[in-house]
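*Asks:* Dropping the structure in here first, questions after.
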Amino acid sequence: MAQKYTGQLQSFWSSVPESMKNPREALYLVASGFMVGLLAGCVVALFRIAKDFAFSRVLSWTGAHNSSPLDLACIFSVAIAAGLAVCWLVRNPAIRLGGEDWIKGALDDGQKRPWLRILIPKFLGSWLVLACGVSVGSEGPSIQMGAATALGIKSIYPQATQRRYFILGGCAAGLAAAFSAPFAGLCYVYEVMREKLDYPLFLFMLAGGIGVYFATSCLIDPGEILPLPVMGRPDPALILMLIPLGFMAAITGICYHYILRLSLKAYARQKILPAFLLPCVAFVAAGVMLIVFPASTGEGLSIVPLLEKGHSLLQFLLLFLVVKLFFTAFCYGTGIPAGVMVPVLCLGAVTGAIYASCLMAAGFSSEWLPACLAAGMCGAFAAAERAPVTAIVLVAEMTGAVSILPALLVVAAMGSFCARICGVK
């Protein structure tokens, strides 16, 4: 194992081209990466502001106007209209789901890609999806919009550095801006997208992370998305106590992965509705859930501060876990432009809160709760995405839980190991 990683590091340093030894070339690469991060970060930050504002308005309006048949008719009319608009937008298959196929095509074929015809429909379609409370994530659209923005910059300067660097740098910047987590974007490209460790690309994305930081700091709150109370360095007792939670979070992530796959297959096989009308199903379901169980709508991360304060009963947590899991799968399988990472973080946090509730019922202190929330998110993400390093870095940047990194390391390793045993791809 040591020889394997030593060989990878040697390959990494040997990948430095002769041109990179020229300070001007290195400076040019850094400037290009910074520009990609800055502009992609601005696009995604504006997207975050727009979808959060719209969803909060929709949530408050439906909560105040759902008592009469006329109110219900208005809610479902708006949901169907938004669904039809998304049906029209996803006639372009490149913006369906997270846009992975379009990104792979852009990386593989080397042909010019219509970046503007991706960026605008993806922005509008994903905004409608998230504004109406559909239970999906915003990181998938953010990654694709980051890549499309980077291609737009590349089209302006066709003689710039490698086109592949722009696409991958845009993906990293999109994820980083979605979570306000610059280093997580870099880990995502190397671990989830399976890109080879390459010095110029590493430098390009590192500069892009700085650009993302400047963009998000100017447009939105530069702090953590889900700040948790400052926790001391964990002792071995805490790490041992989190081992059962690692298994619970892994089960949550694995179930999430397989239920999403089953949903995609089920919608592909159904013959009741034409494929182009399937997004309407997700919007109608969101309208129902906004009335029946509004806590399960949207991305779900807004529930984490309530969990951290211990305001939720065990029965509600169990109900939320089941409803959110199946509601997300039901919506995502329709092919709407959306991602799946944010809901699994939400489900992991709820799993951690359930475990913490059991500990407190057994007489343990409530000071365990923040660590359980962070560990639950880390374990579920690592299991669902088979990306333990990305899970650790992402949760640490989102919550500020840097002091419990040893505990996150154990939980992420357990989640990834269980996912490998269960055949998660």
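The values are calculated or read from the model by the stated rules, or taken from the named source; none is laboratory data. Since we're looking at a predicted model, the values are computed, not measured. So basically every Cβ, Gly included, is an ideal-geometry build from the backbone, and we count neighbours across all protein chains shown. Surface accessibility is based on the protein's heavy atoms, side chains included, excluding ligands, DNA and RNA. Shrake-Rupley method; radii C 1.70, N 1.55, O 1.52, S 1.80 Å.
*Asks:* Which value in nm describes the separation of the simple spin-label points at Arg117 and Val322, placed 7 Å from the Cα toward the beta carbon?
*Replies:* 4.7
*Asks:* Taking a probe of 1.4 angstrom, what is the accessible area of Tyr258 in Å², to the nearest 10?
*Replies:* 80
*Asks:* What Kirkwood Rh does the chain have if only Cα atoms enter the pairwise 1/r average? Answer in Å.
*Replies:* This gives a value of 22.0 Å.
*Asks:* If the chain between Val288 and Arg420 were fully stretched, how many nm would it gain, using 0.36 nm times the residue separation less the Cα-Cα distance?
*Replies:* Separation in residues times 0.36 nm, less the Cα-Cα distance, equals 43.9 nm.
*Asks:* Express in nm, to one decimal, how much length is gained between Ser68 and Cys218 on full extension, taking 0.36 nm for each residue of separation and deducting their alpha carbon distance.
*Replies:* So the chain would gain 49.7 nm between Ser68 and Cys218.
*Asks:* I want to check the label-to-label distance for Ala85 and Ala50. Put each point 7 Å from Cα in the C-beta direction and report it in nm to one decimal.
*Replies:* Result for the modelled spin labels: 1.0 nm.
*Asks:* Rank by packing, highest mean first: peptides 142-154, 72-84, with packing defined as the count of other Cβ atoms within 10 Å averaged across residues.
*Replies:* Packing order, densest peptide first, comes out as 142-154, 72-84.
*Asks:* Between Glu100 and Lys196, what is the spin-label point distance in nm, taking each point 7 Å from the Cα along the Cα→C-beta axis?
*Replies:* Between Glu100 and Lys196, the label points sit 2.2 nm apart.
*Asks:* What is the calculated FRET efficiency for Leu277 to Tyr28, with r their C-beta to C-beta distance and R₀ = 41 Å, to the nearest 0.05?
*Replies:* 0.25
*Asks:* A further question on this structure: Taking θ = phi - 60°, what integer Hz values does the Karplus form 6.51 cos²θ - 1.76 cosθ + 1.60 yield along region 131-147, in sequence order, with x for Gly and Pro?
*Replies:* These are the phi-based 3J(HN,Hα) values: 5, 8, x, 5, 7, 8, x, 9, 6, x, x, 5, 5, 5, 5, x, 5 Hz.
*Asks:* If you don't mind, another one. Take the Cβ-Cβ distance between Tyr258 and Tyr157 as r, set R0 to 51 Å, and report the resulting FRET efficiency rounded to the nearest 0.05.
*Replies:* After rounding, the FRET efficiency stands at 0.70.
*Asks:* Here is a further query. Among the listed pairs Lys196/Lys265; Lys104/Lys154; Lys196/Lys425; Lys104/Lys425; Lys51/Lys265, which have their C-alpha atoms separated by more than 24 angstrom in this model?
*Replies:* From the list (Lys196/Lys265; Lys104/Lys154; Lys196/Lys425; Lys104/Lys425; Lys51/Lys265), the Cα-Cα distance tops 24 Å for Lys196/Lys265; Lys51/Lys265.
*Asks:* Restricting to DSSP H runs of at least four residues, report the calculated mean residue ellipticity at 222 nm for the chain, -39500 (n - 2.57) per run over all residues, nearest 500 deg cm²/dmol.
*Replies:* Theoretical 222 nm ellipticity from helices: -24000 deg cm²/dmol.
*Asks:* What ranking, highest mean first, results for peptides 373-381, 40-48, 403-411, 265-273 when packing means the other Cβ atoms within 10 Å averaged over each residue?
*Replies:* 373-381, 40-48, 403-411, 265-273
*Asks:* Alpha carbon centre of region 379-425 versus region 128-185: separation in Å?
*Replies:* Answer, in whole Å: 23.
*Asks:* Same structure, new question: Could you tell me what percent of the accessible area of the chain is made up of carbon and sulfur, with a 1.4 Å probe and every protein chain present?
*Replies:* Here carbon and sulfur together make up 69 percent of the probe-accessible area.
*Asks:* Oh, and also: By how many nm would the segment from Leu124 to Leu409 lengthen if fully extended, with 0.36 nm per residue of separation less the alpha-carbon distance?
*Replies:* 98.8 nm
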